[in-house]
Structure formats: C-alpha cells, structure tokens
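Everything on this sheet refers to the single structure shown next.
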Amino acid sequence: MDKLLLWVSVLITLPEAFDQANLHGKVFVFPRESSTDHVSLIAKLEKPLRNFTLCLRAYSDLSRYYSLFSYNVQGKDNELLVFKDKIGTYSLFIGNTRVTAKVLEQFPAPAHFCVSWESSSGIAEFWVNGKPLVKKGLKQGYSVGAHPKIILGQEQDTYGGGFDKRQSFVGEIGDLYMWDSVLSAEEILSAYQDSPINPNILNWLDLDYEIKGYVIIKPLVWH
C-alpha cells in the first residue's frame, strides 16, 4: 500500500504531460523566464525538408531577444530557428545561417507571424499580421535535416537541450501550423484569418506535444 501511494504521489506531482489534442481557441502560456520550461512538439519527419511554411500567433511584452520556434537535428545547431531579436526585427536561421526582416510594430501587441523558405531559390518570405515583409535569401540548395527536436519556449544549443533563460520566451503562443511547402499569399491570408489549409507537419487542431515545467494551456482571449 505504501508503494502504491508513493507511485500515485509521483504521478500527481510529475511536471510533464504528454498529449494529443485539438487546441483550437487555446494558447500555451509561458508565465516566467526560465531555462527549463518548454513544450516539445512531435512531428514525424523522416525525410529532409526542401521547403516549408510556419505560422503562429504570439503575444509577449518582452523587449529583449527570444526564440519563437527552435528546430534542431543531431549534430547541427540552429538548423531551423525563428528568433525575435527586438521589437520589429525577426530572424530566420537555416543551417546556422541567418537572415533578418524588419517591420513597424506596436508594442506590446499580439502578432500573427509566418515564414517560408524554398530550397531551390533560397528565398525566405516573412509575413506579419497578413502583410509581407522584404524577401531575403539564404542556403540555396540546402535541405533541412529530418528527425528533429522541435521546442517552443526555449532555444536549443544542443539536440533537445542547452537552454539559456536569457533567450527564453515569456508570453503566449497559439495557432501554430507547419507545412512542407511554400504557401501562396492567399494561403497565408487564410491562416491569418483562422482558416489554415491542410497543414501536414504541425497542426494546432491535432497537435502532439509534451509539456515540461511551468507551461499552462489557457483560452485565447486576444487576436
């Protein structure tokens, strides 16, 4: 009986949760700066990516730099990283190479953000609140590695770890979708308007995820 009670206590206090859920109308809340709190997203990527589009909503009052989306593979740093450097400046890393895009932003304010990349041309397209930013180019001909660790809330310096609280995200993230193609302008606008079309890598409406540490799911009350 004592052993049974011990196991029940461990399960109740375990600060991790595995789930698959439709998170429509909800957000992950990252309430504090830390080097541990994060969400792992599970994507079954068996082949390298030659193209992708990523969209998400975020709301933060941080003025320092932070990671929005960290995708790493074994033996490579910053394989695919979306980073906000400061108010109005976003960065995309592919294969540890970086480009930035700038936009006039209110602060603090919610933002809908999309970024796409095409290997054949190397062109990266950034969109904020349904509006395109200046296109940039990087890693033409490259392939983003398969079998990733995908992390929200932290930036990976190792495969699934190496977190630094100075790069951690504090705020709310929702409506995250990812495709293995470059979306058209019309499809980007559909995602901005809450009608994403067939996301096939990550789908907020059918998301496999693991919460580690102090991350809470709450209703989306902003847009």
Complete set of residues in region 178-223 that are among the β-branched types (Val, Ile, Thr), open to solvent by less than 40 Å² (accessible area, probe 1.4 Å) and farther than 26 Å from ILE123 by Cα: ILE211, VAL215
Residue in region 155-177 that is out of contact with any His (no Cβ under 9 Å at 6 or more places or on another chain), of a type in the set (S, T, N, Q), open to solvent by 10 Å² or more (accessible area, probe 1.4 Å) and outside any strand (DSSP E or B) present: yes
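For (1) closer than 21 Å to LYS212 by Cα; (2) of a type in the set (Ser, Thr, Tyr), each residue gets a yes or a no:
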| site | (1), (2) |
| --- | --- |
| ARG50 | no, no |
| SER70 | yes, yes |
| ILE87 | no, no |
| CYS114 | no, no |
| GLU118 | no, no |
| TRP127 | no, no |
| PRO132 | no, no |
| GLY137 | no, no |
| TYR142 | no, yes |
Only listed residue being among the aliphatic types (A, V, I, L, M), under 16 Å from PHE169 (Cβ atoms) and either open to solvent by 50 Å² or more (accessible area, probe 1.4 Å) or touching a Gly at 6+ places or on another chain (Cβ under 9 Å) (or both), chosen from ILE123, ILE87, ILE94: ILE87
Residue pairs meeting the criteria (Cβ under 7 Å; at least 6 apart or on separate chains; first assigned to a loop (DSSP other than H, G, I, E, B), in region 212-223; second surrounded by 15 or more Cβ atoms within 10 Å (Cβ to Cβ) and aliphatic (A, V, I, L, M)): VAL215/VAL29; VAL215/VAL39; LEU220/VAL27
Residues (assigned to a helix (DSSP H, G or I) and either touching a Gly at 6+ places or on another chain (Cβ under 7 Å) or farther than 19 Å from ALA111 by Cβ (or both)) located in region 178-187: GLU186
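The values are calculated or read from the model by the stated rules, or taken from the named source; none is laboratory data. All of these numbers come straight from a predicted model, not from anything done at the bench. Cβ coordinates were reconstructed from backbone atoms using ideal geometry, including for glycine residues, and neighbour counts include every protein chain displayed. Side chains are part of the model used for accessible areas, which takes the heavy atoms of the whole protein and leaves out ligands, DNA and RNA. Shrake-Rupley method; radii C 1.70, N 1.55, O 1.52, S 1.80 Å.
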